[in-house]
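Below is one structure, written out as structure tokens; the observations come after it.
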Amino acid sequence: MRTITWIPGDGIGPEISDATISILKAAGAPLEYEFAYAGGTVFEKEGTYIPEKVFESIEKNKIALKGPIETPIGKGFRSINVELRKKYDLYANIRPIKAPGPIPLKFENVDFILFRENTEDLYMGWEEKISENEAHSIKVITREKSERIVRAAFDYAKQFGHKKVTVVTKANIMKLTDGLFLDCAREVAKEYPEIQLEEMLIDNMCMQLVIRPESFQVVVTENLYGDILSDLGAGLVGGLGLVPGMNKGKDIAIYESIHGSALDIAGKDLANPTAMVLTACLLLDDIGEKECADRIRKAIEKTLSNKENYTKDLGGSLTCSAYTKKIIENL
Ligand code: ATP
């Protein structure tokens, strides 16, 4: 049994958390959950977005599964997600982009994994108001942080036998910052002579992703471009409700899907829990429980092979809880 920190989060978080836990239990996942509450609802009761016990739990268990947390506007933190990523130096945001089942899509054979640098770039929050009509934002790119995310992408490519890693920048315009990131990618690539480094500019990458998405396998990029490409990727494979993700540092990992708290559908039993369930599967893979994770993935695939099982975001009418039951039946 492995104890993990479980943060249900805000908005649709509690609903998709319940769904995910019931699927994990039905699949016999050897997990124990230490619940830790953070976010907007906690702020109202305790006056803080992340109570100290949440940090303590994450630091003790080293692994957390986190639901979406509302980004407070103008209340201390820039974003709780950014705060956690910075505090634990969770430098690699990794997002596999692949349809979880045979759903009808405009794009076929999309199957790539995105490595997004998670701690610097324009997300440092170093902004300055110069005057009423002028504001600046500072972009920070360092060799150390660029090299380690590129290395993570190449290590993954090597482990899974991919022949190419695509690095995405805008180095033709931001010659110093993106130029440095690209330079690091070229340097790191030399350590992996069997893997080709493909260089793409972010604007071209967006176009290529909708013209020939099947030609990418491993993509590595900076923080902001990674944020945008994640949502673009999610759109290619059926939407935010389907795509998992994880944030990894040296010894702590926080698993979380791409989507936010989806306040428009919260509390209505309408959310699609697939992204969180697949996120839990990534966690299971990493703790040596791939067999259990694959069984859950197969059950999702089988569930999605019948259009009658679609939730509202996929054009169907099943509620979150009814969809969860179907997955459990298909386990
Ligand atoms: P945040 O600022 O918290 O990231 P956001 O409003 O930018 O939030 P989301 O909360 O991810 O973004 O929501 C974007 C849209 O996608 C919303 O219409 C939401 O209902 C939908 N959505 C997001 N996640 C899901 C899900 N799991 N199931 C169904 N619909 C979802």
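Annotations for the structure displayed:
- Any helices (runs of 4 or more DSSP H) falling wholly within region 183-297 and containing at least 2 residues that are free of Cβ contacts under 8 Å to residues at least 24 places away in the same chain: 202-211
- On the stretch given as region 48-62, residues that are closer than 17 Å to ALA253 by Cβ, basic (Lys, Arg) and assigned to a helix (DSSP H, G or I) total 1.
- You will find that of LEU229, LEU236, LEU270, LEU242, the residue that is near the ligand (Cβ under 9 Å from one of its atoms), of a type in the set (A, V, I, L, M, F, W, C) and over 23 Å from ALA64 (Cβ atoms) is LEU270 and no other.
- Evaluated against (1) at pLDDT 95 or above; (2) farther than 30 Å from LYS145 by Cα; (3) within 11 Å of the ligand (Cβ to nearest atom); (4) small (Gly, Ala, Ser), ALA275 falls short on exactly one condition, (2).
- Residue count, region 250-262 (criterion: open to solvent by 30 Å² or more (accessible area, probe 1.4 Å) and more than 7 Å from the ligand (Cβ to nearest atom)): 2
- Yes/no for ILE69 being within 30 Å of ASP313 (Cα to Cα), modelled with pLDDT under 95, open to solvent by less than 20 Å² (accessible area, probe 1.4 Å) and within 16 Å of the ligand (Cβ to nearest atom): yes
- Residues in region 314-331 that are within 16 Å of the ligand (Cβ to nearest atom), of a type outside the set (Lys, Arg) and either outside any loop (DSSP other than H, G, I, E, B) or touching a residue at least 12 places away in the same chain (Cβ under 8 Å) (or both): LEU314, LEU318, THR319, CYS320, SER321, ALA322, TYR323, THR324, ILE327.
- Test for ILE130: is it surrounded by 10 or more Cβ atoms within 10 Å (Cβ to Cβ) and either under 20 Å from GLY179 (Cα atoms) or touching a strand residue (DSSP E or B) at 6+ places or on another chain (Cβ under 8 Å) (or both): no
Here's the yes/no breakdown for (1) under 16 Å from THR279 (Cβ atoms); (2) polar (S, T, N, Q); (3) open to solvent by 70 Å² or more (accessible area, probe 1.4 Å); (4) touching a residue at least 12 places away in the same chain (Cβ under 8 Å):
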{"site": "SER17", "(1), (2), (3), (4)": "yes, yes, no, yes"}
{"site": "THR20", "(1), (2), (3), (4)": "yes, yes, no, yes"}
{"site": "ALA27", "(1), (2), (3), (4)": "yes, no, no, yes"}
{"site": "PHE35", "(1), (2), (3), (4)": "no, no, yes, yes"}
{"site": "THR41", "(1), (2), (3), (4)": "no, yes, yes, yes"}
{"site": "PRO51", "(1), (2), (3), (4)": "no, no, no, yes"}
{"site": "ALA99", "(1), (2), (3), (4)": "yes, no, no, yes"}
{"site": "PRO102", "(1), (2), (3), (4)": "no, no, yes, yes"}
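- Count of residues meeting criterion [assigned to a loop (DSSP other than H, G, I, E, B) and of a type in the set (Val, Ile, Thr)] in region 91-111: 2
- Test: residue in region 78-87 that is surrounded by 24 or more Cβ atoms within 10 Å (Cβ to Cβ) and within 12 Å of the ligand (Cβ to nearest atom): yes
- ASN61 meets each of the listed conditions (1) under 30 Å from GLU191 (Cα atoms); (2) more than 16 Å from the ligand (Cβ to nearest atom) apart from (1).
- Residues in region 83-110 that are touching a helix residue (DSSP H, G or I) at 6+ places or on another chain (Cβ under 6 Å) and within 29 Å of LEU314 (Cα to Cα): ARG95, ILE97, PRO100, GLY101, ILE103, PHE107, ASN109, VAL110.
- Matching option when the condition is open to solvent by less than 10 Å² (accessible area, probe 1.4 Å), within 16 Å of the ligand (Cβ to nearest atom) and within 22 Å of the chain's Cα centre (by Cα), among THR303, THR311: THR311
The values are calculated or read from the model by the stated rules, or taken from the named source; none is laboratory data. What you are looking at is a predicted structure, and each value in this text was computed from that prediction instead of being measured. All Cβ positions, glycine included, derive from the backbone under ideal geometry; neighbour counts span all protein chains shown. Protein only, heavy atoms only, side chains kept; ligands, DNA and RNA dropped before computing areas. Shrake-Rupley method; radii C 1.70, N 1.55, O 1.52, S 1.80 Å.
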